[in-house]
Amino acid sequence: MKSSLVFILGIFVLVSCKNKVLDEPAHPIEKETMVNILYDLAVLEAARSQAYASQVNYPTAIAFVKEKYKIDSLTLAENTKYYASDMKEFKKMYDEVKERLAKDREAMGESLNSSGYSNMPTEEGVVK
């Protein structure tokens, strides 16, 4: 009896793990487009967090993304929820974003080095 109960529970766990947690959204966004959206949001939020950006009245990151990709808030929220329901895949998407950001930072560093800005005096990470 005990072994059959364990067997039934094991089958239940295996079957339930194969089912998708959420159904695909009504207006699905392709995975690569969603990675681009996550990248744009990261860049825009980083820019907005800078002191000089707060002095300029930029649109919010979400408003910019909605305009650029021609999507509405509900579509963005549903797709984010859908992709986040599979944590392994969502982590891979964020890893792609992280790689792109690292490449951009490296390219910006090379650009600053070649323009002579790397030799400017700094104090605690701030250019004088």
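Data for the structure
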{"quantity": "Residue list for the stretch 78-107, filter: more than 21 Å from residue 66 (Cα to Cα) and polar (S, T, N, Q)", "calculated": "85"}
{"quantity": "Subset of the stretch 60-109 [over 16 Å from residue 26 (Cβ atoms), in contact (Cβ under 8 Å) with a residue 40 or more places away in the chain and assigned to a loop (DSSP other than H, G, I, E, B)]", "calculated": "86"}
{"quantity": "Flag for residue 57 being open to solvent by 60 Å² or more (accessible area, probe 1.4 Å), farther than 14 Å from residue 36 by Cα, outside any helix (DSSP H, G or I) and at pLDDT below 85", "calculated": "yes"}
{"quantity": "Residues being surrounded by 10 or more Cβ atoms within 10 Å (Cβ to Cβ) and either of a type outside the set (A, V, I, L, M) or at pLDDT below 90 (or both) - total across the stretch 88-102", "calculated": "10"}
{"quantity": "Output for the stretch 67-87, where each listed residue is touching a Leu at 6+ places or on another chain (Cβ under 7 Å) and either of a type in the set (D, E, K, R) or loosely packed, with under 12 Cβ neighbours inside 10 Å (or both)", "calculated": "81"}
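The values are calculated or read from the model by the stated rules, or taken from the named source; none is laboratory data. Just so you know, these numbers come straight off a predicted model, no measurement behind them. No Cβ is skipped: glycine too gets one built from the backbone with ideal geometry, and neighbour counts run over all protein chains shown. Ligands, DNA and RNA are excluded from the accessible area calculation, which covers all protein heavy atoms including side chains. Shrake-Rupley method; radii C 1.70, N 1.55, O 1.52, S 1.80 Å.
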